[in-house]
């Protein structure tokens, strides 16, 4: 079966992907199944997120395993597969002397976008991402945030069915981050969108499912609600004084500290109640992140 | 593909350094041409219509005598200079003819001493004799002006074209790595095969353009000033080609030389593109490309002994780009007992190498680890 633009598919399967480098294994027998919707890929540095996304973007080949689109191995028709993906890499490249329009025109040529349609497509994307005023500016004169938006625009040029975003909100200010989230939720109805990020709040409300990845292996994949189950009734909150802080940090997994000036609000993950002042609270994804990766980050 | 090729060509021609180098080299070429026209009044070297033909004993006897009678010491008038130049042309043609006869007889003598006809030595000497035997008598001809046209590629032409290839192409793929564009490119539909194909086409087009610019810029002023007669004169009438066994007129040789030079330049540009696909650092790419081009020249400089260059130079790409070293003398290689002419062998080898080079360009770009 040939992958074709416009043909409706809903299933992307990652089957036993392993990627070995000389001295380490970046991904180890990674399995995953994705349908249309937004997926948050979460994990600490070196967990294998970028490697996985690069394999999905066909930039690197896995040592073992395969990726299937509606049951078809993508390597059988890699060019067709690439015509339905949009990829925003973590380290975003540009031709500094190109204007925004020239850059996007070049990428649309690379993506094989119909020449007659590409001009309108570019103008629409420039409007959508509030880039119209920069369209004739050279990229070297633009801020990192604007460049990041250009990066998002290039990923959308071919109206992709699968969007792969590696740290898309990295250089965006809070307002741009909200705009990005709005854009993504609008796009997600008929696309598979995979977003790798450190900033959990960016995907918390958007994601259909969250995939936690650690040392190249998938720990868990579930909806934002279900994924919190392992830490249900384990997240405690209290207001403490500065003296108790150090002791609690030494003895418990602290997921959040907020200093109000006079006192400190602290969140802790613990199977048992740490102290009489603590009360149970609803877990959030930040707690989950710390639950799985907190000790590793230390 | 056409659109992508235009884009890649645009990237090459966007480099300011190319225009600076092109401008500088055209200025240098202009100075050379200007100096040459200052030194020689090419009109004084033209040969009268009735003598535009191969040398004969008759012409030699009659003309030398007449010219000798009119020879005057001291400041010469233009007419006297013309006579002196004609005398030189006739005299040179006669000397060249005598040398050719001696060379042919020597080869024939050598051939007759070889008894075993199934040896490489016999076949080689026989081929040499057959080739030299076909060479016509030298023409009455002054090489001034034509020498500059014929030798330009061998000297400055090769230098300028190679430098511009290095400046234009050595960073063609490297820059995609260093700007981190490779990720976006490789993830796009045409970002692997067609992208590299477009780079290859763009490199070839660029090389053809610069080769044409330099060859045309240097040749046109001479060709406009020189008598058309020179086109039909055997290449052996140019001093550097006096021992050439190839049956070519200067006009034919100019075409062959340009095509060989162009083929060499294109192959060099593909090798530079390969180096570019291999290197992440632009400086490394420029250094390696320059070394591939300059190393044979350096080796030649330090090992040159009476026209006997080491094998590595014979098979260097620099020799193909120069073109002239391939055609100056009779040189063959023993392939399974049969003599294969040096230019055929060396061009053949590089033609076989082209698919390998192209495959490696695709392979290295595709498999280069992104950062």
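The numbers here are math on the coordinates, done by the rules we state, and not lab data. Fair warning: this is a prediction, and the values are worked out from it, not measured in the lab. We place every Cβ from the backbone using ideal geometry, glycine too, and count neighbours over all the protein chains shown.
Working note: Debye formula, equal point scatterers on the alpha-carbon atoms of the range B:80-141, no solvent; log10 I(q)/I(0) at q = 0.21 Å⁻¹ is -0.79.
Determine, for A:275, A:114, B:92, the number of other Cβ atoms within 10 Å of each Cβ, and report the residues in order from fewest to most.
Working: A:275 14, A:114 9, B:92 19.
Arranged by neighbour count, lowest to highest, A:275, A:114, B:92 become A:114, A:275, B:92.
On the beta carbon distance between residue A:61 and residue B:259, with R0 = 30 Å, the FRET formula returns roughly 0.15. Protection proxy ranking of B:312-318, B:258-264, by the mean of other Cβ atoms within 10 Å over each peptide's residues and highest first, is B:258-264, B:312-318.
Rounded to whole Å and ordered largest first, report the semi-axes of the equivalent ellipsoid of chain B derived from its Cα gyration tensor (root of 5λ).
On the way: eigenvalues 410, 150, 44 Å².
Whole-Å semi-axes of the equivalent ellipsoid: 45, 27, 15.
Axis of helix B:250-278 versus longest Cα principal axis of chain B: the two differ by about 20°, to the nearest ten degrees. Across peptide B:359-366, the mean count of Cβ atoms from other chains lying within 10 Å of each residue's own Cβ comes to 0. Calculated FRET efficiency, residue A:140 to residue B:58, Cβ-Cβ distance, R0 = 60 Å: about 0.20 to the nearest 0.05.
Please determine, in degrees from 0 to 90 and to the nearest 10, the orientation of helix A:174-187 with respect to the longest principal axis defined by the Cα atoms of chain A, where the helix direction is its Cα long axis. In chain A, helix A:174-187 runs at an angle near 60 degrees to the longest axis. Above 19 Å, the calculated P(r) of the range A:153-298 contains 60 percent of its Cα-Cα pairs. Each residue, residue A:91 and residue B:126, gets one label point 7 Å from its Cα in the Cβ direction; the gap between the two is 6.4 nm. Subtracting the Cα-Cα distance of residue B:224 and residue B:349 from 0.36 nm times their residue separation leaves 41.3 nm of extension gain.
Ranked by the mean number of other Cβ atoms within 10 Å of their residues, highest first, the peptides B:327-333, B:103-109, A:206-212 come out as A:206-212, B:327-333, B:103-109. Entry note, the range A:142-298: relative contact order of 18 percent, from Cα contacts under 8 Å with a spacing of 6+ residues. Fraction of C-alpha pairs exceeding 20 angstrom in the range B:212-371: 61 percent, rounded to a whole number. Here's the picture: a label point sits 7 Å out from the Cα of residue A:190 along the beta-carbon direction, and within the range A:135-160 the residues with their amide nitrogen under 12 Å of it are A:159-160.
Neighbour counts of C-beta atoms inside 10 Å place B:99, B:118, B:244 in the sequence B:118, B:99, B:244, starting with the fewest.
Directionally averaged projected area (chain A, Cα convex hull): 17.9 nm². Taking label points 7 Å from Cα along the Cα-to-Cβ direction, residue B:302 and residue A:242 give a separation of 7.2 nm. Centre-to-centre separation between the Cα atoms of the range A:209-225 and those of the range B:128-196: 55 Å.
Spread over its residues, the convex hull of the C-alpha atoms of the protein assembly as shown is 235 Å³ per residue.
Estimated from helices alone, the mean residue ellipticity of chain B at 222 nm is -22500 deg cm²/dmol (sum of -39500 (n - 2.57) over DSSP H runs with n ≥ 4, per residue).
Just to verify a number: FRET efficiency for residue B:252 and residue A:45, C-beta to C-beta distance, R0 = 60 Å, to 0.05? Write down the numbers at each step before the final one.
On the way: r = 67 Å, r/R0 = 1.12.
E(calc), rounded to 0.05, equals 0.35.
Can you work out the base-10 log of I(q)/I(0) for the range A:124-199 at q = 0.14 1/Å, using the Debye formula on its C-alpha atoms alone? So the normalised log intensities are -0.43. The mean number of partner chain beta-carbon atoms within 10 angstrom of a residue's beta-carbon across peptide A:55-61 is 5. Shielding by partners for peptide A:103-110, expressed as the average number of C-beta atoms from other protein chains within 10 Å of each residue's C-beta, is 6.
Would you please report the Å³ per residue occupied by the convex hull of the alpha carbon atoms in the range A:220-298? Display every interim value, and only then the final one.
Details: hull volume 7.3 nm³, N = 79.
Hull volume over Cα atoms, normalised by residue count, gives 92 Å³.
The helix-only estimate of mean residue ellipticity at 222 nm for chain A, built from DSSP H runs of length n ≥ 4 each weighted as -39500 (n - 2.57), is -9500 deg cm²/dmol after division by the residue total. For chain A, averaging the sequence separation of C-alpha pairs within contact (under 8 Å, six or more residues apart) and dividing by the residue count gives a relative contact order of 21 percent. Ranked by the mean number of other Cβ atoms within 10 Å per residue, highest first, peptides A:98-110, B:133-145, B:17-29 order as A:98-110, B:133-145, B:17-29. Using Cβ contacts closer than 10 Å as the measure, can you line up B:239, A:289, A:39 from fewest to most? So the residues, fewest neighbours to most, are B:239, A:289, A:39. The C-alpha atoms of chain B define a longest principal axis, and helix B:2-13 lies at about 70 degrees to it.
In the range B:164-213, the inverse of the mean reciprocal separation of distinct Cα atoms equals 11.7 Å; this is its Kirkwood hydrodynamic radius.
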